[in-house]
Amino acid sequence: MLAAALLAGACAPSDGGEPPKLLVVIALDQFRASYLEEYDAVFSGGFRRLRDEGRRYDRALADHAPTLSLPGHTTVATGSHPGTHGFNANDWIEALPTGERRRVLVFRDTSARTLGSPNEGGVSTRNLRVTGLADWVRDAHRDARAVALATGTALAMPYGGRPLADESRNHAYWLSERTGVFVTSTYLRSALPDWVARFNETILPRLKADSTWTNTVPQEYRHLARRDDAPYEGDGVHTTFPHRFSDVLDAIEQPLSDARRLAVHSRWFSTGPYGDEALFALAREAVGELALGQRGVTDFLAVAVKSTDRQGHDYGPRSLEQLDILVRLDRLLGGFLEFLDRAVGREHYVVVLTADHGAPNVVEYELEQGRPARRVTQQDIQAVLDRIERFVQAYDGDDRALPEAIARELERTDFIARAMTPAELAGTGPADHILRAYRNTYIPGRTTTYPLWTDDVLYGRVGDAHPVNWGIVVELEENTQIYTARSAHGSAHRYDREVPIVILGSGIRSGRGEEEARTIDVAPTLAWLAGLRVPATVEGRVLDVGARRGSPAR
């Protein structure tokens, strides 16, 4: 009944109560659901308030695989699975009519430019097949505004919605890892608005002045993380606090051009704790400059945080660095919620905290604890690719059966749990949770090379016998990770899929939501609270938020 109501278009709260004036999504990249429990004692700011006053869904999942950032964030933004919204991987291999193959980067668009970073490639959301919460908000009222901000390259774009003819209503900005300022795309606007340009010129320089990352975790809570000097963290040399920008420079061959030095510092700044400070400072500017939630219509604000992902990759879950990032975010989020209380009013906004995916523990940490785990090297992967090439060359059976034969040959590899063919992925028959997750992502002709990566593959040099050429998708064994990061997510295993979903706001009943929630449910739930119309592409459902306006029909 609920799904039918959603697809029919009307998505209003059942008693017609006043909708919220501002919908807020805080999306943390690579944030495990367990963090809110494991570090409960140390939180006293925004995470504390969300846990105490919000509605928590402890069985929340990203219901797709591979669990990569762009598919995950776009799912939150649109309420659709990656196989529907079109961003089913960070990149994919696409066959051309000539028979040649090319690597397609999801955002890359040579017809666009990045405003504020002239040497950075252009980006757009032309590959996006559906609309999202930002579009539904702006469609509801001509004066409604949607703003998306991020610290990850172009992560703001799927949250910001499709470009409108009136470019003054297009607001998606992210902190460039190339220039260290907030930028946008000419796909959306011809120039940065004055308030963003002013922020770049006056506020950012003060935040960039600090070039040392110190540990702010109170001494009594540092035992919640593992020891700080683990040799399997970071670059294996600079593994302990404080972390200095000068250490990063020392590891790079000198001399550096001014442009190269700027790029190195911009990446260090934008993916660390000071980038988060800049992000939430700009969020305050957006609320003030655009009067979000203060004009009698429903507005939307998305804030996507990348530091949790970058430091999660470099240092891993349970590291002191990751805990410090969370402690700092707790403080920033707490201050931001207090700001919204004053600027918008507690009774006028709803905020959702969620994530695009989780993450596994570092392999070497698991081994240190006596638990089974494996690190797959580039040489391991190349050996598999070489073996498949020989297998294909020697194959003399029916070509139509070749994908299935390659998949079964891949499954002879000790670190590959399963290989799924296009026939399996496109099927509608019975499926376990892993196959179902991959089916939710599948798009014929758009197959990711992950996780069978080598340096050649990462740079688009995909050989003729790579399984991607037959549309085959690979899932690694549990607790198995590739060599590309200290902690490498991407699987369909639960540690990569479990995420938080916490909803706080007027009319939301605090406590635990007993139902299983998924990231595709975030957008339709917020739409229902605001009485917005949603399209048939929405595959999520409205969560029971215990709203005083009336719980959704079942």
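The values are calculated or read from the model by the stated rules, or taken from the named source; none is laboratory data. Model, not experiment: these values are computed from the prediction. As a convention, Cβ positions derive from the backbone with ideal geometry for all residues, glycine included, and neighbour counts pool all protein chains shown. Accessible surface is based on the protein model in full, side chains and every heavy atom, while ligands, DNA and RNA are left aside. Shrake-Rupley method; radii C 1.70, N 1.55, O 1.52, S 1.80 Å.
Residues in the stretch 488-497: is at least one under 22 Å from L70 (Cα atoms), polar (S, T, N, Q), in contact with a strand residue (DSSP E or B) (Cβ under 7 Å, 6 or more places away or on another chain) and at pLDDT below 95?
There is no residue in the stretch 488-497 that is under 22 Å from L70 (Cα atoms), polar (S, T, N, Q), in contact with a strand residue (DSSP E or B) (Cβ under 7 Å, 6 or more places away or on another chain) and at pLDDT below 95.
Determine whether the stretch 129-145 contains at least one residue that is within 21 Å of A89 (Cα to Cα) and surrounded by fewer than 19 Cβ atoms within 10 Å (Cβ to Cβ).
The first filter runs over the stretch 129-145 and keeps only residues within 21 Å of A89 (Cα to Cα), leaving 129-133.
In the following step, the residues that additionally are surrounded by fewer than 19 Cβ atoms within 10 Å (Cβ to Cβ) were identified as 129.
Among the residues of the stretch 129-145, at least one is within 21 Å of A89 (Cα to Cα) and surrounded by fewer than 19 Cβ atoms within 10 Å (Cβ to Cβ), which makes the answer yes.
Show me the strands (runs of 3 or more DSSP E) entirely contained within the stretch 138-199 in which 1 or more residues are farther than 24 Å from D29 by Cα and touching a residue at least 40 places away in the same chain (Cβ under 8 Å).
Of the strands (runs of 3 or more DSSP E) lying wholly inside the stretch 138-199, none has at least 1 residues that are farther than 24 Å from D29 by Cα and touching a residue at least 40 places away in the same chain (Cβ under 8 Å).
Do you know which of the residues in the stretch 499-533 that are in a loop (DSSP other than H, G, I, E, B) and open to solvent by less than 10 Å² (accessible area, probe 1.4 Å) is nearest to V25 (Cα to Cα)?
Step one: of the stretch 499-533, the residues in a loop (DSSP other than H, G, I, E, B) are 499-501, 506-510, 514-516, 531-533.
From what is left, the residues that are open to solvent by less than 10 Å² (accessible area, probe 1.4 Å) are 499-501, 507, 532.
Values: V499: 14, P500: 12, I501: 10, G507: 17, L532: 16 Å.
Checking each candidate, the answer is I501.
Say whether the condition of being at pLDDT below 95, under 26 Å from the mean Cα position of the chain (by Cα) and at positive phi is met by at least one residue in the stretch 150-161.
Within the stretch 150-161 (the criterion being at pLDDT below 95, under 26 Å from the mean Cα position of the chain (by Cα) and at positive phi), the answer is yes, since at least one residue qualifies.
Search the stretch 75-112 for residues being in contact with a Phe, Trp or Tyr (Cβ under 8 Å, 6 or more places away or on another chain), over 21 Å from A27 (Cβ atoms) and outside any loop (DSSP other than H, G, I, E, B), and hand back the single one that is least open to solvent (accessible area, probe 1.4 Å).
Filtering the stretch 75-112 for residues that are in contact with a Phe, Trp or Tyr (Cβ under 8 Å, 6 or more places away or on another chain), over 21 Å from A27 (Cβ atoms) and outside any loop (DSSP other than H, G, I, E, B), the one least open to solvent (accessible area, probe 1.4 Å) comes out as V104.
Looking only at the stretch 201-251, filter to residues that are among the aromatic types (F, W, Y) and in a loop (DSSP other than H, G, I, E, B); which one of those is most open to solvent (accessible area, probe 1.4 Å)?
F241
For residues that are over 20 Å from the mean Cα position of the chain (by Cα) and open to solvent by less than 20 Å² (accessible area, probe 1.4 Å), scanning just the stretch 275-289, find the one that is farthest from A148 (Cα to Cα).
V287
Which one of these is assigned to a loop (DSSP other than H, G, I, E, B) and either among the acidic types (D, E) or in contact (Cβ under 8 Å) with a residue 40 or more places away in the chain (or both): G296, G275? Give the steps one after another, and end with the answer.
Working: G275 fails: assigned to a loop (DSSP other than H, G, I, E, B).
Of the residues listed, the single one that is assigned to a loop (DSSP other than H, G, I, E, B) and either among the acidic types (D, E) or in contact (Cβ under 8 Å) with a residue 40 or more places away in the chain (or both) is G296.
Is it the case that E120 is open to solvent by 10 Å² or more (accessible area, probe 1.4 Å), of a type in the set (D, E, K, R), modelled with pLDDT under 95 and assigned to a loop (DSSP other than H, G, I, E, B)?
yes
Answer yes or no as to whether E389 is in contact with a strand residue (DSSP E or B) (Cβ under 9 Å, 6 or more places away or on another chain) and of a type in the set (D, E).
no
Looking for whichever is buried (at least 22 other Cβ atoms within 10 Å of the Cβ) and either touching a residue at least 40 places away in the same chain (Cβ under 8 Å) or not in a helix (DSSP H, G or I) (or both) here; the options are D496, D464. Which one fits?
D496
Condition test on S319, is it buried (at least 24 other Cβ atoms within 10 Å of the Cβ) and either out of contact with any Gly (no Cβ under 7 Å at 6 or more places or on another chain) or free of Cβ contacts under 8 Å to residues at least 40 places away in the same chain (or both)?
yes
If V457 satisfies all but one of (1) in a loop (DSSP other than H, G, I, E, B); (2) of a type in the set (V, I, T); (3) closer than 28 Å to V363 by Cβ, what's the number of the condition it fails?
For V457, the failing item is (1).
Rundown of residues vs (1) open to solvent by less than 30 Å² (accessible area, probe 1.4 Å); (2) modelled with pLDDT of 95 or more; (3) of a type in the set (F, W, Y), yes/no style:
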position	(1), (2), (3)
L6	yes, no, no
V25	yes, yes, no
L28	yes, yes, no
F31	yes, yes, yes
S44	no, yes, no
L50	yes, yes, no
E53	no, yes, no
Y57	yes, yes, yes
A65	yes, yes, no
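Identify, by number, the condition in (1) within 30 Å of N170 (Cα to Cα); (2) among the polar types (S, T, N, Q); (3) not in a helix (DSSP H, G or I) that Q254 doesn't meet.
It is condition (1) that Q254 fails.
Closer than 22 Å to A281 by Cα and of a type in the set (K, R) - does that describe any residue in the stretch 131-153?
Yes, the stretch 131-153 has at least one match.
Regarding the stretch 476-484, can at least one residue be identified that is in a loop (DSSP other than H, G, I, E, B), aliphatic (A, V, I, L, M) and open to solvent by 10 Å² or more (accessible area, probe 1.4 Å)?
no
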